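Worksheet for the structure shown next.
The values are calculated or read from the model by the stated rules, or taken from the named source; none is laboratory data. Owing to the predicted nature of the structure, the values given are computational and were not obtained by experimental measurement. Cβ atoms come from the backbone with ideal geometry, glycine included; neighbour counts cover every protein chain shown.
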Amino acid sequence: MKTRILFLMIVSLSFFACATRGVTTAEEYFSLGMAYFDLGKYEEAEKWLNRARLMDKTKIASEYNLGRIAYEMGRFDDAVKYFERVLAKDKDNVLALKAASYGRIKIGDLQGAEALYNRVLAMEPDSVDQGYNYALVLMALDKPEKAEEVLLKYKLTMADNKDTMLLLARVQKTLNKIEAVDTYSQWLAGNNDVKVQYEYAQVLESGQFYARALEEYRAVISALPQRQGVQEADKSDPNAIDRAAVRFTAARLLLIADPEKNDGIAELETAVTEGFTGTEKLTTLLDEPGISAAHKDEIRRIIEGIEKAEIEKEAALKETEEKAAAETENDGSAESDTAF
């Protein structure tokens, strides 16, 4: 890599020397711009490629690479404009199509990206990467049925592409399809991710595979650390899984699937001990027809306990604040007395 960069620097300097004497051809402008591009000197590259694009011979290649520079510099609107200028002159330029499609995602134009990905896949129907990007766009546009249709075209090669398989599992989960069970299972056979395992447990529960779902919930709980207040991970990752919340989910399943036993109530109490305070979620359990009347009484007791603890906590905090304020006031009075 160092040798290549050194070579490019030499090439760049030789072109620069040529430039000082007066660059005379579009190819020289283009070559100098690309030498700077490879060195990561985008402003210099942009200057020379802008000259090269004024010449018909290097116009399309220059505008494509100006789009790449704009993308690297975070100017996504400009990048899309350059790529689409290329497409205006060469509508079947698949490199520009791919770049424009992804650029449309970056600027938030998902409908534009959808139209472009349609064209990309018409030209490269076997491209798993482009199919994956297209399916992501379709999901963002709330078109899960179409996303599944796209992804299923790559089912035979999906074992070699874990991202595509996981996206298919999530699409099928959104569609409440029982096929999601097998797709998640295949993904987890070769990968390990506690968030995905939690999703898998939810899919199993939705499919009424209660024993398997409970087994997966238990595995997720074991893999997660016990919360001590608000963890740093919770702050940095809004999708972080909370162990106590998973316990609540497992408890709900136990209460519905096995109403004769008290395991669900015991699990709820453990969840509260570990920091679960979601009284709204607990209240929804009171409307579940599968939960026994006796267990609902226990749930009401747990809700009352959480609410009482919250009141006591607020009262203790208020008392602490009032005490601190009084001490500050007393310190101020003491200083005033000393001044006299």
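From D163, D126, D182, which residue is more than 20 Å from S206 (Cβ to Cβ), more than 18 Å from the chain's Cα centre (by Cα) and of a type in the set (D, E, K, R)? Even if it seems obvious, please write down each step before you answer.
Values: D163 fails: more than 18 Å from the chain's Cα centre (by Cα); D182 fails: more than 20 Å from S206 (Cβ to Cβ).
Result: D126 is the single residue among D163, D126, D182 that is more than 20 Å from S206 (Cβ to Cβ), more than 18 Å from the chain's Cα centre (by Cα) and of a type in the set (D, E, K, R).
Any residue in the stretch 191-207 that is under 11 Å from K173 (Cβ atoms) sitting within a Cβ distance under 8 Å of a residue that is not in a helix (DSSP H, G or I)? List the pairs, counting only those 6 or more apart or interchain.
Listed by first residue and then by second, the contacts come to S206/N176; G207/I178.
Can you pull out every residue in the stretch 264-277 that is crowded, with 16+ Cβ neighbours inside 10 Å and in a helix (DSSP H, G or I)?
Within the stretch 264-277, G264, I265, E267, L268, E269, T270, A271, V272 meet the criteria.
V128 - would you say it is hydrophobic (A, V, I, L, M, F, W, C), at pLDDT below 95 and farther than 26 Å from E216 by Cβ?
Numbers: hydrophobic (A, V, I, L, M, F, W, C): yes; at pLDDT below 95: yes; farther than 26 Å from E216 by Cβ: yes.
Taking the combined requirement at face value, the residue satisfies it.
Any idea which of E288, E260, E280, E298 is in the same structural domain as D242 (by TED's automatic domain parsing) and buried (at least 16 other Cβ atoms within 10 Å of the Cβ)?
Details: E288 fails: buried (at least 16 other Cβ atoms within 10 Å of the Cβ); E260 fails: buried (at least 16 other Cβ atoms within 10 Å of the Cβ); E280 fails: buried (at least 16 other Cβ atoms within 10 Å of the Cβ).
When all the criteria are applied, what remains is E298.
Kindly check whether there is at least one residue in the stretch 116-139 that is surrounded by fewer than 14 Cβ atoms within 10 Å (Cβ to Cβ), out of contact with any helix residue (DSSP H, G or I) (no Cβ under 6 Å at 6 or more places or on another chain) and of a type in the set (A, V, I, L, M, F, W, C).
yes
Considering only the stretch 147-158, I want to know if a residue exists there that is among the basic types (K, R) and at pLDDT 95 or above.
Just the residues of the stretch 147-158 that are among the basic types (K, R), to begin with: 153, 155.
Add one more test, that the residue is at pLDDT 95 or above, and what stays is none.
No, there is no match, as no residue in the stretch 147-158 is among the basic types (K, R) and at pLDDT 95 or above.
Confirm whether E179 is assigned by TED's automatic domain parsing to the domain that holds L253 and acidic (D, E).
Details: assigned by TED's automatic domain parsing to the domain that holds L253: no; acidic (D, E): yes.
So E179 does not fit the description; no.
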